[in-house]
Structures are given as C-alpha cells and as structure tokens.
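Derivation of every value follows stated rules applied to the coordinates shown; laboratory data play no part. Model, not experiment: these values are computed from the prediction. Heads up, the Cβs are rebuilt from the backbone with ideal geometry, glycines too, and the neighbour counts pull from every protein chain shown.
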Amino acid sequence: FPNKCILRRVGDLITTSISLGELTKTAHLLVANSSDFLVRLEPTLCVKMSLPQQIRDESDFDQLPHNIPVSATIADIEEKKGFIDYYRFVVEVKTKGGGKYLIYRRYREFFNLHQILESKYSPEDPDRSSPNTCILPPLPGKIYIGNKREIAESRIPELNTYIKRLLGLPTWILLDETLRMFFYQTEQDSQHEPRALRRLRPQTRKVKTVIPQKKDIFSSPRAEAMFDFRESFVKIIKPLPDSDSEGENGGHTYSCLRCFLLTPSGIETRDVCVQEDLNIQPTYKDLLSRMRNVFKVDDIAVNYRDPEGDLIRILDDEDVQLMLKEARGQQGKVNRPVNQFPWELQVTMSSDFSVYNTEP
C-alpha cells in the first residue's frame with residue numbers, strides 16, 4: 001500500500017482506504033469539522049515520504065534572508081486626497097529577522113500584484129500541478145459602486161486573509177522580486193508619520209481627564225492698531241507655522257499642479273493642490289477625472305506642451321510617462337515654487353483639433 005492511507009472513525013471503528021490525493025482534499029475538512037475523526041497513515045512508507053519534504057521546507061525557510069517579509073497585517077485605512085480621493089491600507093510588515101515597519105498600499109496595488117503573480121505562477125490546469133507553479137489565494141474582487149470608506153473597511157478582513165495566505169506560500173515564492181518590492185518599505189513609507197492605528201492599539205478603558213484651563217487674555221477679541229510700535233512693546237501671541245504642513249496634528253504636505261483650460265473665449269488658469277509627492281506618476285484616468293471635476297466640463301481632452309511649445313494630447317499612461325520624462329529634462333529652465341509639479345496640463349475640448357500644430 002505505498003500510496004494508500006487509512007481514514008478511521010473513533011467509536012464505531014469504521015476504516016476506509018483512501019488515496020493520498022483524496023486525503024489532501026477532503027480529510028482536513030473532516031478533521032476540522034468533527035472532533036471524533038482520527039487520520040492514520042499506513043504503512044510507514046507514506047510517513048517517510050512526507051518527512052524529507054517537511055525538513056526541506058524548514059531548511060529553505062531558515063536560509064531566507066532576514067529582510068524577507070514573513071507576515072503582515074492591515075492596521076488601519078487612511079484617506080488620501082490625491083488627483084482623486086481614495087483610501088489606502090496601512091500594513092504592518094514583519095520580516096524573518098524580526099524587523100517591523102509600516103507600508104501604505106492602495107487596493108489597485110494589491111490587484112496589480114495579484115495579476116503579475118498569476119501570470120508567473122498560476123498553473124494552466126488547476127487540477128494538475130506542474131513545476132514552478134502554485135495555486136494563489138483568491139483576491140477580493142473590485143467594487144465599482146458604493147461609499148469609498150465603507151468599501152475600504154469591508155475589505156480589511158478579506159485582504160488580511162489574502163496577505164496571510166500569500167506569505168504562507170512556498171519559500172521560493174517569497175523570493176519573487178515583485179512580491180518583495182510590494183512589501184518593501186519605500187522612502188515615502190518611512191517618512192510618513194502614522195496616526196493612532198486602530199487595529200494595533202491595546203484595548204484600554206476610556207478615562208475622561210478634566211484639566212482646568214487657564215484663561216487666556218489674548219484669546220478674546222482684540223483691536224487692531226493702525227500705527228507702529230517698537231519691538232519692545234510687541235508680544236508674539238502665537239507664531240504662525242512656516243507652511244501648511246507644519247500646523248497642529250502634523251498636517252499633510254500638499255503639491256500644486258498648474259492647469260489651463262483653453263477655450264475660444266480665453267484661457268482659464270487653476271492651481272490644484274493634492275496630497276502627492278512631486279515625483280508621482282498619476283494615471284491618465286485620474287488626471288482626466290480630476291480635470292473634469294476642476295473645470296466642470298466632461299467633454300475635454302488633456303494635453304501638455306513639448307519643448308517646442310506644441311500641444312500633445314494625452315491618451316494613455318504611456319503618454320503621461322513621456323510627459324513626465326520631458327518635464328524632468330526641462331527642470332531648472334523654468335522657475336517654479338518648490339511645491340509645484342514640474343509639468344503642467346493644458347485642457348481643451350475633445351472635439352477641438354485646431355489647437356494642434358499639424359505642420360512638420
């Protein structure tokens with residue numbers, strides 16, 4: 001019986017011969033759902049066949065680098081006011097070496113990771129395994145309609161299960177470059193200061209502390225003087241912060257994008273402020289959606305000016321990448337505020353082709 005096992009029920013001593021393949025699919029469900037099932041492998045050859053595999057897996061895990069992520073948990077969600085408003089997940093990552101850090105990821109990034117791993121490792125036939133393939137855990141599907149915060153909250157348990165199963169795959173999967181980069185703490189992740197994370201806070205009682213407040217004589221309305229005082233007569237009540245990002249509660253840093261709406265009647269200029277890094281590459285869909293919201297016009301096209309001054313229409317993410325590349329080449333030639341994007345958007349009507357230079 002080299003490939004047979006015995007599934008025995010304690011009590012009535014019913015013994016059934018079952019193959020190892022069937023056992024892996026069904027026996028663990030019986031054991032999980034009933035306390036009176038006992039699985040015994042016969043003969044001992046079956047046990048000896050699985051022991052080297054277990055030792056090999058443990059040895060492979062011991063040889064993993066210390067910076068490999070081995071577990072992760074979603075600690076909270078965080079709203080981000082970028083080119084579109086969205087929520088991202090705050091993920092606490094633990095490495096094999098005992099390290100611990102936070103990363104911030106959108107659902108879109110989880111989705112892209114899953115697609116890449118599927119293209120690399122998913123077998124063509126799920127019922128037949130082949131070398132260098134693996135059954136990936138299911139990822140929660142996309143939701144197109146609903147409150148963004150409620151959608152993000154509902155995804156936390158499902159994504160936690162997905163992450164747990166993903167990092168529980170064979171050790172050679174953990175060495176995948178795409179997977180490692182997803183859980184890698186970027187410079188932006190490390191610079192972000194998290195607030196009190198709900199799922200990492202210890203359970204404590206709510207105690208209300210009453211602190212007597214001293215009356216501030218300067219908090220009442222004051223008259224403004226229309227003549228100068230010497231410095232010795234002036235008292236600074238509260239110095240203003242150097243920027244909006246240095247206010248109370250560690251406010252967010254904003255970057256500004258200058259955009260223009262070109263119409264036959266004239267040019268309308270807007271500065272759009274977003275909570276994004278100046279080096280970010282937004283998607284074409286996000287830019288188009290934001291410009292529609294800013295100018296309150298739907299039938300528009302998004303463009304940029306090349307170094308020769310001609311308008312170039314943006315049609316996809318590759319065009320956005322080209323725009324950013326050309327903008328970096330022009331840095332230093334145009335004086336801009338330190339918090340302004342090095343590129344600008346020119347918005348036109350989608351049916352207006354007269355704004356483009358058709359001459360060679």
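Some values worked out for this structure:
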{"read-out": "Förster radius 25 Å - calculated FRET efficiency between residue 116 and residue 153 (Cβ-Cβ, nearest 0.05)", "value": "0.40"}
{"read-out": "Segment 265-317: trypsin sites (Lys or Arg not before Pro) in DSSP loop, at most 15 other beta carbons within 10 Å", "value": "296"}
{"read-out": "Sites matching chymotrypsin sites (Phe, Trp or Tyr not before Pro) across segment 264-360 that sit in DSSP coil, with at most 16 neighbouring C-beta atoms within 10 Å", "value": "353, 356"}
{"read-out": "Stretchable slack from residue 273 to residue 353, in nm (0.36 nm times residue separation minus alpha-carbon distance)", "value": "25.9 nm"}
{"read-out": "Pairwise FRET efficiency - residue 306 versus residue 96, Cβ, R0 = 45 Å, nearest 0.05", "value": "0.40"}
{"read-out": "Restraint check, 120/285; 142/285; 80/142; 94/142; 296/325; 81/148, Cα-Cα greater than 24 Å", "value": "120/285; 94/142; 296/325"}
